[in-house]
Amino acid sequence: MTPLRPETRTVHLPQPPVEHSRPITMPLYQTSGFVFDDPAVMAEAMGRPDGPFVYGRYSNPTVRSLEQAVSDLEGGAGAVATGSGMGAINTVLLGLLKPGDHLIAQKSLYGGTAAMLNDLVARFGVTVTHVPEHDPDALRAAVRPETRLVYLETISNPMTLVADLPAMCAAARELGLVSVVDNTFASPLLCRPIEHGADVVVHSTTKYLSGHTDVVGGLAVFATDELYKKVWHYAIELGASADPFAAWLTLRGLQTLALRMERHCSNARLLATRLAEHPAVSAVHWPGLPSHPSYEIAGKLLPDFGGVFSFDLAGGRAAGERFMSRVRLALLAPSLGGVETLTLHPATTSHRALNADELARHGIGEGTVRIAVGIEHPEDLWADIEQALA
């Protein structure tokens, strides 16, 4: 049979076998543990991520179905689902780093990730060097004997810079470093970083994968079985496991991912293009615009450019606050990737833990507004934005 395309694989999800027939949709196994008849089988199962189900912190049929589905979409050897996106990032970094290690991260990062890296520096003596997301030579120049890991985002939050994954991951592999890529903003429908050389891919499943603003979850996918098993053992010790009900909701949302991403991207294109021409806006940050610094890289790496963008208001912080108090259809709320359009002010919300210098390094200004575009009719969204800018 010809290999299925991602749009089809999101509909036909993996399920544990059932005798003689099977349910059309994955059932919810809302149980904390499983009963055994043979103590030896139980003991052996507790040491394997792919064995019989034992305890909810180790695995669960519904959770494993989600892990297998996203691992399949990303082209990985295995995946670990967690209770949040930050749970996935922490599980990977804490599972692969030790005190005294050095990691290289791109300059523009999600605020929660940037704050967590600062915490690694303060509490565990891990050192961090920041480099541009498109510059493998800067990565090579930053390497030290104690360097272990490179951290990238396919599309950065909130400035939507696109990492040159083929070049950066190739440099990391050449140097013997593990490359970790946050693929949340792209989803496996727009990018599969393992195909470009990444070793680990992380997602906040809260966002596009679940897609309905009713789940908090995370997931890490591993290119090799060795890395998968290493981090799985740490994950069960950390206790960041996903809840079965959250996994079940994410599986349900995953089946419409292809349709939703198409609408997210087309809506973002219309809004970003019109905002770029609006007199109240000084800059629009969406990689589908020729003016964006990642436009060429994005055109080579991505089939479309995502449903999130940010823009700078000419009036600075006062204009940003006024805009957010005036929008009605675009809701003032955190997160992204749901069916509804959300807007926020990164400097005081998603990146509030960063000081002025760090905000400047990320390219975030006082008048920067981020919009996570939903699937509403684009003209209704534009009418709301236009009246808020008036």
Cβ-Cβ under 9 Å pairs, at least 6 apart or on other chains, region 333-354 side among the charged types (D, E, K, R), far side in a loop (DSSP other than H, G, I, E, B):
E340/T213; E340/L329; E340/A330; E340/A333; E340/G374; E340/I375; E340/E376
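Yes/no matrix, rows are residues, columns are (1) out of contact with any Cys (no Cβ under 8 Å at 6 or more places or on another chain); (2) aliphatic (A, V, I, L, M); (3) closer than 26 Å to Y234 by Cα:
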{"residue": "T25", "(1), (2), (3)": "yes, no, no"}
{"residue": "F36", "(1), (2), (3)": "yes, no, yes"}
{"residue": "P39", "(1), (2), (3)": "yes, no, yes"}
{"residue": "M46", "(1), (2), (3)": "yes, yes, yes"}
{"residue": "D50", "(1), (2), (3)": "yes, no, yes"}
{"residue": "Y55", "(1), (2), (3)": "yes, no, yes"}
Among (1) in contact with a Phe, Trp or Tyr (Cβ under 8 Å, 6 or more places away or on another chain); (2) assigned to a helix (DSSP H, G or I); (3) not hydrophobic (A, V, I, L, M, F, W, C), the one test that R370 misses:
(2)
Yes/no for A283 being outside the structural domain of V180 (by TED's automatic domain parsing), surrounded by 23 or more Cβ atoms within 10 Å (Cβ to Cβ) and more than 22 Å from E195 (Cα to Cα):
no
State which residue is surrounded by the most Cβ atoms within 10 Å (Cβ to Cβ) when the search covers only region 286-299 and only residues that are touching a strand residue (DSSP E or B) at 6+ places or on another chain (Cβ under 7 Å) and not in a helix (DSSP H, G or I).
W286
Name every residue in region 368-387 that is surrounded by fewer than 21 Cβ atoms within 10 Å (Cβ to Cβ) and either farther than 25 Å from T273 by Cβ or of a type in the set (D, E, K, R) (or both), in order of residue number.
E376, E379, D380, D384, E386
Has region 115-135 got at least one residue that is hydrophobic (A, V, I, L, M, F, W, C) and over 24 Å from A353 (Cβ atoms)?
no
(1) free of Cβ contacts under 8 Å to residues at least 40 places away in the same chain; (2) closer than 30 Å to M168 by Cβ; (3) not basic (K, R) all hold for E237 apart from (2)
Enumeration of residues in region 1-39 that are at pLDDT 85 or above, surrounded by 12 or more Cβ atoms within 10 Å (Cβ to Cβ) and within 24 Å of the chain's Cα centre (by Cα):
L4, P6, E7, R9, T10, V11, M26
Please go through region 344-367 and pick out each residue that is surrounded by 15 or more Cβ atoms within 10 Å (Cβ to Cβ) and among the basic types (K, R).
R361
Scope region 309-342; condition within 20 Å of A360 (Cα to Cα) and either part of a strand (DSSP E or B) or at pLDDT 95 or above (or both); matching residues:
F309, S310, F311, D312, L313
So, in region 345-358, how many residues would count as being under 16 Å from E321 (Cβ atoms) and in a helix (DSSP H, G or I)?
3
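The values are calculated or read from the model by the stated rules, or taken from the named source; none is laboratory data. Here the structure is a predicted model, which is why all the values come from computation and not from measurement. Quick reminder, even Gly has a Cβ in these numbers, built from the backbone with ideal geometry, and neighbours come from all protein chains shown.
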